[in-house]
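All remarks here apply to the structure that follows.
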Amino acid sequence: MKRRVFIIHGWDGYPEEGIFPWLKEKLESKGFEVSNPAMPEPLNPQIDTWVRFLKQQIGVPDEDTILLGHSIGAQTILRYLESLNENEKIGGGVFLAGWTRLTHEAYETEEDARIAKPWLETPINWERIKTKANKFVTIFSDNDPLVPLTDSEIFKEKLNASIIIEHDKGHFSGSDNITELPSALNAILEMSSRLSAKF
């Protein structure tokens, strides 16, 4: 089976942002099929729209499928996994600056607060999600202005996720000038090698 990776950008993000082009190139050079789609209406991300779009992109999920999501892209992956059928499962999920809470700095306008509200308040079925992937890795930055570092504890508790704390990487956005992130690449490569070892 072809090993597939889907890279899901965040709110107000785009496929060419930050580490995404570098990560895509590195993975493709190692034989992965990489999809880095432009998510619909990135300035106004909606749960149903983004999850439905991700479903269309992935098609039939399998254990050769690995998903990486940045910020609200990580939330999209969580809610996508929650929606999978009983017999559906992926190889792993990597969450880059994923969150369940946000700092006050995330709300520059009332419109931001309105958009964030459903993502913050719609319950997440962690127990179901935990059964939908073989491995989870979360990557946080110790100076992210938008995501509280304590969210790492939630991912660890709820999903038994491995936690990586990067130093001084902000929100890993294009505006933070972070264009390479070996920890994200290595997380995917490790997941893939773990899957290969099973067969």
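The values are calculated or read from the model by the stated rules, or taken from the named source; none is laboratory data. Only a predicted model underlies this, so the values are computations on that prediction, with no experimental measurement involved. Cβ: placed from backbone, ideal geometry, glycine included. Neighbour counts: every protein chain shown. Accessible surface is based on the protein model in full, side chains and every heavy atom, while ligands, DNA and RNA are left aside. Shrake-Rupley method; radii C 1.70, N 1.55, O 1.52, S 1.80 Å.
Brief remarks follow.
- Taking every protein chain into account, the accessible area of the chain amounts to 47 square angstrom per residue (probe 1.4 Å).
- Computing FRET efficiency as 1/(1 + (r/R0)^6) for Val60 and Ser175, where r is the C-beta to C-beta distance and R0 is 45 Å, gives about 0.80.
- With both labels modelled 7 Å from their Cα along Cα-to-Cβ, the Glu28 to Asp112 distance reads 3.3 nm.
- Packing here is the average count of other Cβ atoms within 10 Å per residue, and on that basis the peptides 110-118, 156-164, highest first, run 156-164, 110-118.
- Net charge over other residues, Cβ less than 12 angstrom from the Cβ of Pro40 (K, R count +1; D, E count -1): -1
- Size of the range 1-141: Rg and Dmax of its alpha carbons, in Å, are 14.6, 46.
- Each helix, a run of at least 4 DSSP H residues, gives -39500 (n - 2.57); summed and divided by the residues of the chain, these come to -11500 deg cm²/dmol at 222 nm.
- Cβ crowding within 10 Å averaged over residues, with 66-76, 94-104, 37-47 ranked highest first: 66-76, 94-104, 37-47
- Scaling the Cα radius of gyration of the range 63-120 by the globular reference 2.2 N^0.38 Å produces a ratio of 1.33.
- Extending 7 Å from Cα along the Cβ direction at Glu82 and again at Thr122 yields two label points whose distance is 0.7 nm.
- Fully extended contour minus Cα-Cα distance, from Lys89 to Arg101, at 0.36 nm per residue: 1.7 nm
- Difference of contour (0.36 nm per residue) and Cα-Cα distance, Thr131 to Arg194: 21.0 nm
- Carbon/sulfur fraction of accessible area - the chain, other protein chains in place, 1.4 Å, %: 48
- Cα centroid separation - the range 108-171 against the range 1-18, whole Å: 17
- Whole-number Å³ per residue for the convex hull built on Cα positions in the range 1-74: 75
- Computing Rg and the Kirkwood Rh from the Cα coordinates of the range 91-190 gives a ratio, Rg/Rh, of 0.97.
- Relative contact order %, the chain, counting alpha carbon pairs below 8 Å whose residues are six or more apart: 23
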